[in-house]
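Below: one structure, written as structure tokens.
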Amino acid sequence: MSDTSSRLRIVWIYPDLLSTYGDQGNVLILRRRAELRGIPTETVHVHSSDAVPVEGDVYLLGGGEDRPQILAAERLRADGGLKRAAERGAAVFAVCAGYQIIGETYGDDAANPLPGVGILDVRSNRGQTRAVGEIVADVDPALGVGRITGFENHQGRTAIGPSARPLSTTVKGIGNDDATEGAYQGQILGTYLHGPALPRNPALADLLLRWRVGQIPPLQPSWGETLHEERLAAALR
Ligand code: GLN
């Protein structure tokens with residue numbers, strides 16, 4: 001990565017393995033909402049054959065099918081860069097398969113527990129049914145995000161350990177499967193929301209920015225807020 005101590009360094013992990021349902025949109029919106037506040041950004045796409053840089057500010061991981069998910073977890077564990085970045089305080093935003101593999105363990109397609117990257121105190125394994133459809137959830141008030149919406153499609157179910165907290169409580173949908181959705185621990189956040197999640201929930205993008213740069217000015221409501229309201233109304237109909 002080039003020198004850029006004043007830039008927000010956004011690292012997109014494994015677009016070749018973890019990028020279902022337009023998860024790249026999360027990268028684009030995070031960058032856009034930073035730049036609208038005058039925060040310069042640098043975005044790095046890290047393919048699964050590349051080393052994960054340790055000096056990033058925000059790391060994004062998307063969803064994936066069962067087999068690419070296993071490959072991604074094996075490579076991230078062998079590489080070690082994401083874990084070191086998390087230890088030095090980087091923010092991590094991980095969706096679905098990404099959420100599962102940053103946890104302690106996750107399940108393969110025969111429900112065998114496999115080791116995750118171990119930066120979020122959650123354990124996932126295969127459920128009896130697939131959770132598919134619109135999801136609506138109220139984020140932990142401590143995070144100042146409000147109500148979020150997304151699309152979920154996963155077989156895995158997730159149990160949250162004592163070091164992590166549920167990201168939100170579900171209003172509609174399955175999420176973790178105990179009336180909660182997602183988890184966070186410090187600046188490490190996992191969620192089942194696709195859609196992609198950050199375009200549909202600009203407040204979630206702003207949370208990641210606040211974690212890295214502190215207070216940020218509000219933006220004029222834009223199509224992002226309109227989309228959020230529209231999807232919320234549609235999901236609750
Ligand atoms: N393969 C995982 C599951 O089914 C994750 C799916 C996804 O990322 N959409 O639980």
Next item on the list: Output the number of residues of segment 156-184 satisfying the condition of being part of a strand (DSSP E or B) and within 14 Å of the chain's Cα centre (by Cα).
Entry: 7
Note to self: For segment 12-38, give me each residue that is open to solvent by less than 30 Å² (accessible area, probe 1.4 Å), away from the ligand (no atom under 16 Å from the Cβ) and over 19 Å from residue 85 (Cα atoms).
What the structure shows: 29, 33, 34
Notebook entry, point to check: Only one residue in 142, 205 is more than 16 Å from the ligand (Cβ to nearest atom), surrounded by fewer than 20 Cβ atoms within 10 Å (Cβ to Cβ) and outside any strand (DSSP E or B), so which one is that?
Noted result: 142
Notebook entry, point to check: In this structure, is residue 92 buried (at least 19 other Cβ atoms within 10 Å of the Cβ) and away from the ligand (no atom under 15 Å from the Cβ)?
Noted result: yes
Margin query: List the residue pairs whose Cβ atoms are under 6 Å apart, where the first residue sits in segment 180-208 and is under 15 Å from residue 142 (Cα atoms), the second is assigned to a strand (DSSP E or B) and within 13 Å of the ligand (Cβ to nearest atom), and the two are 6 or more positions apart or on different chains.
Written below: 182/190; 182/191; 183/122; 183/190
Next item on the list: Identify the residue in segment 58-71 that is surrounded by fewer than 24 Cβ atoms within 10 Å (Cβ to Cβ) and among the aliphatic types (A, V, I, L, M) and, among all such residues, is nearest to residue 105 (Cα to Cα).
Entry: 70
Next item on the list: Please go through segment 115-128 and pick out each residue that is modelled with pLDDT of 95 or more, more than 12 Å from the ligand (Cβ to nearest atom) and either under 15 Å from residue 76 (Cβ atoms) or open to solvent by 40 Å² or more (accessible area, probe 1.4 Å) (or both).
Entry: 115, 116, 117, 118, 119, 120, 123
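The values are calculated or read from the model by the stated rules, or taken from the named source; none is laboratory data. These numbers come from a predicted model, not from an experiment. Every residue, glycine as well, gets a Cβ built from its backbone with ideal geometry; the counts of neighbours run over all protein chains shown. What goes into the accessible areas is simple: the full protein's heavy atoms, side chains included, and nothing from ligands, DNA or RNA. Shrake-Rupley method; radii C 1.70, N 1.55, O 1.52, S 1.80 Å.
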